[in-house]
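What follows draws every value from the coordinates through simple rules; no lab data is involved. Just so it is clear, the structure is predicted and the values come from calculations on it, not from any experiment. No Cβ is skipped: glycine too gets one built from the backbone with ideal geometry, and neighbour counts run over all protein chains shown.
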Amino acid sequence: MQKLLLTVDAISTWFGKACAWTVVLLTALITWEVFSRYVLNHPHAWVLDAQIMLYGVLFMTAGAYTLAKNGHVRGDVLYGFFRPRTQASIDLTLYILFFLPGVIALTWAGWTFANESLAIREQTFNADPLPVYPFKFFVPIAGAFLLLQGIAEIIRCVICLRTGAWPSKEEDVEEVDVDKLKEMVHVKDADIEALDQTLVSKKGGQ
């Protein structure tokens, strides 16, 4: 199972890095258009639409990569102090209630959206129109990759609930250095464990 989870991480990483080259294309396109507009006095009507599409591709395809690297925004100030099982319980609840319905809807609706665009050969509205349907197919593609990575994270939550420890990832990323944070507030792991035991005891007494 661990090998399968790491394989999913590797796929999301490869997809994210491949699509990250969009930044290079976007930078080159903007640089060329600025030169063409202000030096050659020859602007192009289609460039703005192309910039929006490239940025959209970059934005959408970063989701699975960021999830694989554990890089999405999280309140680590509190979350980082919880025991792994508590973290897994919170994550699993949020994945089931919000992540899965949202991403499944995104992927399904995106596929319908893209096919409708393909059927009418949708184009942009300017003097030099660009085809829109290739760009719109990135919506369900990005959604599918994100859904795959999300399922891997759900499996990790289940494993953590059973074993009490998080399975390893291809590369762990923390937005906040939890160890340094503990030093700043003078909290030790033993103190956290004692607090957890106290809370469990009180809950059992009720």
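Amide H to amide H, which residues 5 or more places from Gln123 or on other chains are under 5 Å from it, using H placed in the peptide plane?
Val132
How far apart, in nanometres, would the label points at Tyr38 and Thr66 be if each is projected 7 angstrom from Cα along the Cα-to-Cβ direction?
According to this spin-label approximation, the distance is 3.0 nm.
Would you list Asp128, Asp49 from fewest to most Cβ contacts within 10 Å?
Asp128, Asp49
What is the extension gain from Arg83 to Leu4, computed as 0.36 nm multiplied by their sequence separation minus the C-alpha to C-alpha distance, in nm to one decimal?
25.9 nm is the gain from fully extending Arg83 to Leu4.
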